[in-house]
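What follows is a set of notes on a single structure, which appears directly below.
We did not get these values from a lab; they are worked out from the coordinates using the rules stated. Predicted model only: the values in this text are computed from it and were never measured. Every residue, glycine as well, gets a Cβ built from its backbone with ideal geometry; the counts of neighbours run over all protein chains shown.
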Amino acid sequence: MATVQIKFLGVDDYDSVAALNHRVVARGDGFVSRLDPGVLSGVLARATGFAVGATSAGELVGYRLVQLPRSADDLLDNRAYRGFPELGDLRFVARFAGVVVAPRARRQRLGSTLCEVALATLRARGILRVITTCHPANAYSLRMLQGLGFEVVGTGATAAGHARCLLSARVHEEARADG
Ligand SMILES: CC(C)(COP(=O)(O)OP(=O)(O)OC[C@H]1O[C@@H](n2cnc3c(N)ncnc32)[C@H](O)[C@@H]1OP(=O)(O)O)[C@@H](O)C(=O)NCCC(=O)NCCS
């Protein structure tokens, strides 16, 4: 594969992200569902989060979406998210809201790199914890997330009834009460 570039995505990337998402949904990979247009637009506009992408020869070959919830209602499939043990002050919590690497670009650490760039960005913003969900049978994604420091903290289900593992990772050490 040609050289890969990692960059923050913007509103102009909407169609490329949606197309890559649709391709993976059509293949049935990872039990990924179609992206909600409102969530995708908000993230790409940097109004409700941000997105990191990977391009190769001008084509999008990977994305990682990050949502910064302002309230519990902002957590899209919040039925699954209700299972999280105390989320605390949501100003310090981010949600990993979708990651996809194009089949031909997989297993080259692209997914991990996109997540690492997102985690570094969140760390710089003072975020303490990142949460996400994943289908329990999505072994590749679970392994990737665990390799990045995520731990399974419970199980849940989406509003559509699909099973989900609930995962959480510390970005920063929590501020210590004793200073
Ligand atoms: C999950 C996904 C994003 C991983 O992307 P990737 O760039 O291939 O992942 P990486 O190369 O960074 O792999 C990181 C680790 O995950 C595990 N892993 C990923 N793909 C794997 C595979 N095909 N076989 C075995 N282990 C795999 C390995 O532990 C790997 O580390 P290693 O290569 O050092 O052994 C990609 O497979 C994908 O797009 N899947 C479909 C969409 C999806 O499932 N999204 C997640 C929804 S929760």
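Brief remarks follow.
- Taking GluC sites (Glu not before Pro) in DSSP loop states with no more than 13 other Cβ atoms inside 10 Å as exposed sites, the chain has its longest site-free stretch at 87-172.
- Over all projection directions, the Cα-based convex hull of the chain averages an area of 10.1 nm².
- Taking a sphere under 14 Å around the Cβ of ARG104 and counting the other residues whose Cβ falls inside, with K and R at +1 and D and E at -1, yields a net charge of +2.
- The chain: angle of helix 110-124 to the longest principal axis, Cα-based, in degrees nearest 10: 40 degrees
- Between the alpha-carbon centres of the range 74-88 and the range 102-179 there is a gap of 14 Å.
- Computed log₁₀ I(q)/I(0) - Debye formula, equal Cα scatterers, no solvent, the range 17-71, q 0.13 Å⁻¹: -0.34
- Listed peptides 99-108, 17-26 by packing density, highest first (mean Cβ within 10 Å): 99-108, 17-26
- For peptides 41-48, 119-126, sequence by mean Cβ density within 10 Å, most packed first: 41-48, 119-126
- Cα long-axis angle, helix 14-27 against the chain (0 to 90 degrees, to the nearest 10): 90 degrees
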